[in-house]
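J.: What follows is a structure written as structure tokens; I'll ask about it next.
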Amino acid sequence: MALPPNVNYAQIDSLVVMKIVKHVDSELYAGMSEIAGESCQGLLTGLVTAEENRLEITNCFPTARSEPVLDNDDGAQQTNTQHEELKQVEILDMLRKFRNMNIDYELIGFYQAHPFGACFTQDLVDSLFEYQTVFQDGVVLIYDPVQTRQGQLSLRAYRLSVAALELCQKGDWGPEAVKASNLTYETMFEELPIVIKNSRLTNVMIAELAIAPGKLAEKTSAHLELGTKRSLEKCVRGMMTNIDELNKSISAYTKFVAEKQRHDANVYNMTQKRELENEQRRQRGEPVMSFDDIKRLKGPQLQTKSGMLESFLLSADTESLADFCTKVTGENIAKLFLAEAISGSDKRESKDRSLSSVSGR
Amino acid sequence: MASSLTVKVHPVCYLTIVDAYERRSKPVKANQPANDKALGTLMGFYEKGAIQVTNCFAIPFNENKDEPELDDSFNQSMIQMLKRSCPAEQPVGWFYTSSDLSSACIPYHDYYVRVISEVFGPRKEVPPVVLLTLDTTFSSPEDKERMPVRAYIRTKAGIPGNREPHCAIFNPLRVEMDAFPGECVALSLIQNSVEDKQREVHLDSGLSQLEKTTGQIVEWLERLQKYVDEVLARDELPADATIGRKLMDIVQTAASHMQQDKLDALVKNSLRDYMMISYLANLTKTQLALNERMVSL
């Protein structure tokens, strides 16, 4: 049985927020994420305050990205496993170092960066399951670099719900099992509310930074930018491919339902027939025939790789993309009206600096 | 030459240093003085005329004995590990939470010069090694509330004519804060915690951020207007030329970027697109909800 988690919100140190943002940003700066095509990720450490149902994430560190395997010969598999082992050793080593420096060294989850927050993949479910079985309050932090670049920090904490955990444990994502556990794509992941907390000394530091010389003020008006079409385009494209995939899995499901109905009717007819036959046999005093062969008839299988899980993940992904779209379009429409209103009244037009300087970009 | 360098420190370093200082080790024995400081390696890269410090980590050290000690193997393996996750970074110096430069700084600095020259190989000239100090003691006489950050570079000094330099001086460098675009956004959100009693921040969502900034813009404009009115109305107030030029700049950008026809075209073109996308997204969500109901029937 999967243990129910005993936290209901995540408290993140501002250090962790900055470290995640920095990790992703410096990869973007170096142009690495485009080449490797893989999301940045790392591990989170912290502690659980059980009395207050709080998960405190106090530090994190990036994991080395896996080396791209160039050739597909026999050695590749071996180097891959070797690489995995090396990675494990490194993680343990890092945790030991954290312990040495009085940092919380309990592994409580991991973070990943996904554009538009569309993070729901088979891998994510697998690793979440792994973390949550070892540590019942494990979470994943999803950071959205696109939305952050548009001026709004986006971090979400997710975990698998108890029902989903149990299904993972059984490894059975067939339609019957999913229906029995009452799981839908909306209840598969639970989102935890996030609070960012600073220590007192950090607050002093941040206040110090606010008055430090630098170009911070010029860069903080990113959320007023009027042109965010490129990212929207990408988002809609992603949505389209997702929908196509979803269509496939839905049609597979419909096919399955039809076959299932036919199968059920078939079984029902045969049982009826057999019962009639048995009735006659009993009257004639002959031995009755068993129902075993009918019971042994195999039902249809859902023709997808991992049962209902696939369509759940696609739905969740599509929903987060759609959420992003509605949010950004809503904001953009508001911004356009704002810009119109500003240019409309002559009095303010000449002075509005931050809006006017960004609209020209 | 060297003193024209600027040290550009990213906010994550400051936060790491503060965190390292807060987690400094307690004294092992009762009568032993505490290791009341934090020390560690700065990672980053060199630019023309500047040193970018993008990351850092603390290392164990001990300066209670006669000879100050550092954990070299800890440092080396941390550098290796960070390099694997972020290949562009290399050690550029070290940090120390101290109000002044003590004599212990010299062996530490020697050590870091050695570490960095190993990275560059024996033949090349060793790039400048930075020492960044953060004064966490709040003891500076003129400004008790501040937590000053200073950066130094060591230069050799001596009497001309002598072959061997007599001594070394830690020369101060200019420190600036630099940040990637994403970091700026995150930092400006975190800065809200300064005004919060619980020192907590909740993530902004949707239009609330837009609303807040619009309010801010209006506030600034009103302040500007008040200032201009006051200067115009009262003769005894001096008219500041730099502010006047800045105001002129604002007017200029507004006039060149906010032309009526341009804006009209923008609104006309974009609005329809946005409406369409918003409609499609909502349609998708409806479909998803429908599918959900169908499956769970």
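The values are calculated or read from the model by the stated rules, or taken from the named source; none is laboratory data. What you are looking at is a predicted structure, and each value in this text was computed from that prediction instead of being measured. Cβ placement follows ideal geometry from the backbone for every residue including glycine, while neighbour counts extend to all protein chains displayed. Heads up: the accessible areas ignore ligands, DNA and RNA and are worked out on the full protein's heavy atoms, side chains in. Shrake-Rupley method; radii C 1.70, N 1.55, O 1.52, S 1.80 Å.
J.: With a point put 7 Å past each Cα toward its Cβ, work out how far residue A:86 is from residue A:29 in nm, to one decimal.
T.: Reported label-point gap for residue A:86 and residue A:29 is 2.6 nm.
J.: A follow-up question, please. Can you tell me which of B:226, B:83, B:48 moves the most in a GNM of chain B? Springs connect C-alpha atoms under 10 Å apart.
T.: B:226
J.: Given the options B:207, B:247, B:39, state which has the largest fluctuation in a GNM of chain B using a 10 Å cut-off (strictly under) for Cα springs.
T.: Its mean-square fluctuation being the largest, the pick is B:247.
J.: What's log10 of I(q)/I(0) for the range A:251-328 at q = 0.17, 0.19, 0.27 Å⁻¹, Debye sum over Cα points only, no solvent?
T.: -0.79, -0.87, -1.15
J.: Compute log10 of I(q)/I(0) for the range A:9-212 with the Debye formula, placing one identical point scatterer on every Cα and leaving out solvent, at q = 0.11 Å⁻¹, to two decimals.
T.: -0.61
J.: Enter the accessible area of residue A:281 (Å², nearest 10), with the probe set to 1.4 Å and all protein chains included.
T.: Ignoring ligands and nucleic acids, residue A:281 comes out at about 60 Å².
J.: Across the range A:230-242, in residue order, what do the Karplus-derived ³J(HN,Hα) couplings come to in whole Hz, using 6.51 cos²θ - 1.76 cosθ + 1.60 with θ = phi - 60° and x for Gly and Pro?
T.: Result, rounded to whole Hz: 4, 5, 5, 4, 4, 4, 5, 4, x, 5, 5, 5, 4.
J.: Kirkwood Rh, the range B:181-297, all Cα pairs: how many Å?
T.: Values: mean 1/r = 0.0504 Å⁻¹.
Final number for the Kirkwood radius of the range B:181-297 is 19.8 Å.
J.: May I ask you to list the residues of the range B:179-198 whose amide nitrogen lies under 17 Å from a point 7 Å from Cα along the Cα→beta-carbon direction of residue A:52?
T.: B:193-194, B:196-198
J.: Ordering A:263, B:202 by how much accessible area each has at a 1.4 Å probe, largest first, what is the list?
T.: Numbers: A:263 40, B:202 115 Å².
Order by accessible area, largest first: B:202, A:263.
J.: Next question, about the same structure. Please list A:158, A:29 from largest to smallest accessible area, probe radius 1.4 Å, with all protein chains kept in place.
T.: Numbers: A:158 25, A:29 130 Å².
Largest to smallest exposure gives the sequence A:29, A:158.
J.: Taking 0.36 nm per intervening residue step and subtracting the Cα-Cα distance, what contour gain separates residue B:248 from residue B:71 on full extension? Working shown, then result.
T.: Details: separation 177, 0.36 × 177 = 63.72 nm, distance 5.71 nm.
Roughly 58.0 nm would be gained on extension.
J.: Right, next: So, taking all protein chains as they sit and a 1.4 Å probe, how much accessible area belongs to residue B:174, in Å² rounded to tens?
T.: So the heavy atoms of residue B:174 present about 140 Å² to solvent.
J.: Provide the buried accessible surface between chains A and B in square angstrom, both chains summed, 1.4 Å probe, rounded to the nearest 100. It would help to have the intermediate numbers written out before the result.
T.: Values: alone 23120 and 21610 Å², together 35060 Å².
So the total buried area for this chain pair works out to about 9700 Å².
J.: What whole number of Å gives the distance from the Cα centroid of the range B:236-297 to the Cα centroid of the range A:247-303?
T.: Between the Cα centre of the range A:247-303 and that of the range B:236-297, the gap is 61 Å.
J.: Among B:63, B:125, B:47, which one moves the most in a GNM of chain B with springs linking Cα atoms closer than 10 Å?
T.: B:125
J.: Take the cross-link list A:248/A:298; A:179/A:295; A:19/A:229; B:8/B:48; A:335/B:226; A:335/B:262 and give me the ones stretching past 18 Å between alpha-carbons. Kindly include the intermediate steps, with their values, before the conclusion.
T.: Working: A:248/A:298 24 Å; A:179/A:295 21 Å; A:19/A:229 28 Å; B:8/B:48 12 Å; A:335/B:226 26 Å; A:335/B:262 15 Å.
Cα-Cα > 18 Å for A:248/A:298; A:179/A:295; A:19/A:229; A:335/B:226; rest within.
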